[in-house]
Amino acid sequence: MTQPLDLAGLGAGPFNLSIAALIDGLNRQGRSIRSTFFERKSSFSWHPGMLLPDARMQTSYLKDLVTGIAPTSPYSFLNYLVSHKRFYQFLSAELTAVTRAEYADYLRWVSEQLPNVQFNSPVENVEFSEGQFRLYFDGVSEPVKAKNICLGTGKRPHIPECARKHIGGNVFHAIGIAQRQFSVEGLRVAVVGGGQTGAEVFQSMMDNQWGRPASVHWLSRRQNFEPLDETPFTNEFFTPQYVDAFFQLPGKIKQRLVASQKLASDGISPDTLKALYQKLYDKAVRGQAEHLDLRPYREMSGMTYENGRYSLELLNGLNQQSESLQADVVVLCTGFESDIPVYMDSLRSKLSIDAEGQFELSRDFEVEWNGPSENRIFAVNAGRHSHGIAEPQMSLMCWRSASIINRLLGEQVFDLEQRVSLVNWQEELQPEVEMAYDMAI
């Protein structure tokens with residue numbers, strides 16, 4: 001009889017891939033952790049539809065799948081460079097950030113080496129009985145049994161409510177734009193969203209990647225096209241010490257802090273902004289910028305379709321005036337949102353879910369549920385509300401993976417101690433301080 005897995009991973013994106021890589025490293029050292037990470041796709045791919053020309057990472061290549069925890073692992077980005085015989089050329093290039101295409105290739109390279117990653121395995125349903133999770137797959141009668149599971153199937157594109165009924169050929173989310181076959185030749189294009197993806201799509205439209213548009217309008221509800229804050233003290237938000245301090249805070253304070261720290265994780269790379277501005281200036285000098293229209297501080301409040309065109313209703317936050325914009329094509333660069341996977345429907349009543357539809361997570365990324373405590377449900381990329389702005393980013397990816405594995409095994413197999421802390425986030429909370437927190441909210 002086949003023994004149940006110690007851990008079944010649902011999805012093999014970067015976050016679960018990190019866990020798989022660290023587990024394989026432990027097994028290479030003599031452990032015997034039974035794990036498989038099931039991925040519905042036939043091979044690894046990481047947002048291939050968003051790999052636009054010159055699109056770059058906003059996170060250091062050292063914050064890869066393993067290096068922050070296991071720097072001698074064969075699955076590091078540095079080993080990827082050495083294995084591909086371009087380590088010295090990479091150093092000579094003095095890249096401030098690697099391209100998304102190269103990083104995606106690194107992830108693919110790792111996935112193809114790991115013995116505990118299985119492709120072509122779409123999970124249809126997860127049930128729990130007799131002390132085990134049972135994973136059911138399309139076209140397979142017998143379920144896979146596991147003592148613990150880790151959810152890592154990502155998030156879904158966020159579509160503004162006013163645009164949902166118009167989603168189709170000429171109104172679409174940017175998630176697949178690099179692979180999309182379309183032309184904007186002679187058309188009016190609206191790019192909605194003031195983050196990094198919005199900047200990259202606007203820049204590609206400027207470069208006529210999909211034909212020369214009649215006009216391109218870039219809309220952002222932010223007050224300006226604002227940069228990612230990459231300064232040292234802001235980067236302290238992406239440390240284990242800050243996550244530990246943040247996790248202890250009351251929910252309403254967490255919510256306020258996450259909102260105030262938006263540009264620490266969701267701004268536009270300064271290099272991108274500089275290159276874009278310089279290109280705009282050059283086009284203006286040449287008299288080629290008349291068709292380019294940048295509109296910050298605009299909230300899209302409505303969208304209608306009539307006579308073959310879309311009419312976007314906007315609110316100008318600067319003067320509180322209403323505006324209208326006509327477009328033939330609308331590209332939504334509006335991010336992603338949390339979504340509890342459909343395959344968890346059978347267990348949904350057992351899960352602790354807050355009023356916003358988000359998992360209630362423990363410090364070690366366990367979903368609270370009313371099942372046996374020895375059977376755990378971990379979730380990655382699901383705790384921005386509970387663990388802070390670092391949670392959906394790759395900055396602390398391997399640290400989170402190590403936290404999950406330590407919890408899974410019930411021992412500190414990975415040393416997570418941080419001996420240097422340049423910022424004192426908080427003293428040990430006393431009972432009266434905790435009471436004051438409660439009264440404040």
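Loop-resident chymotrypsin sites (Phe, Trp or Tyr not before Pro) (DSSP state other than H, G, I, E or B) in region 139-243 with no more than 15 further Cβ atoms inside 10 Å of their Cβ: PHE182.
Once you reduce region 167-203 and region 353-426 to the center of their Cα atoms, the two points are 35 Å from each other.
Loop-only check: which GluC sites (Glu not before Pro) in region 302-362 are DSSP coil with at most 13 other Cβ within 10 angstrom? Let's see the in-between values first.
Numbers: sites: GLU306, GLU313, GLU323, GLU337, GLU356, GLU360; in loops: GLU356, GLU360.
Filter output for region 302-362: GLU356.
In percent, rounded to a whole number, the relative contact order of region 1-129 is 37, using alpha-carbon pairs under 8 Å and six or more apart.
Stokes-Einstein D for region 40-81 at 20 °C, 1.002 mPa s, Kirkwood Rh over Cα pairs, in µm²/s? Present the calculation step by step, with values, prior to reporting the outcome.
Numbers: Rh = 12.3 Å.
Rounded, D is 174 µm²/s.
Taken as entire DSSP H runs, the helices of the chain never both span 24 Å or more between Cα atoms along their own long axis and average 0.5 or more on the Kyte-Doolittle scale. Listing SER60, SER265 from fewest to most neighbouring C-beta atoms within 10 Å gives SER60, SER265. Once the trypsin sites (Lys or Arg not before Pro) in DSSP loops with at most 11 neighbouring Cβ atoms within 10 Å are cut out of the chain, the longest remaining piece is 86-285.
Calculated over region 138-249, the projected area of the Cα convex hull averaged across directions stands at 13.2 nm². Across the chain, the convex hull enclosing all Cα atoms gives 184 Å³ per residue.
The relative contact order of region 333-381 comes to 26 percent, based on Cα pairs under 8 Å that sit 6 or more residues apart.
When N is the residue count of region 143-206, what does its C-alpha Rg come to as a fraction of 2.2 N^0.38 Å?
Its radius of gyration relative to the 2.2 N^0.38 Å reference: 1.58.
Taking neighbour Cβ counts within 10 Å as the exposure measure, how do TRP369, TRP109 sort from fewest upward?
Numbers: TRP369 20, TRP109 16.
Arranged by neighbour count, lowest to highest, TRP369, TRP109 become TRP109, TRP369.
Which FRET efficiency, nearest 0.05, do ASP293 and GLU313 yield, Cβ-Cβ r, R0 22 Å?
On the way: r = 16 Å, r/R0 = 0.74.
Efficiency, from the Cβ-Cβ distance: 0.85.
The mean sequence separation of alpha-carbon pairs under 8 Å and at least six residues apart, normalised by the residue count of the chain, gives a relative contact order of 20 percent.
Coordinate-derived values only; no laboratory data. All values reported here derive from a predicted model rather than from experimental measurement. A quick note on method: Cβ atoms are made from the backbone with ideal geometry, for glycine too, and the neighbour counts reach across all protein chains shown.
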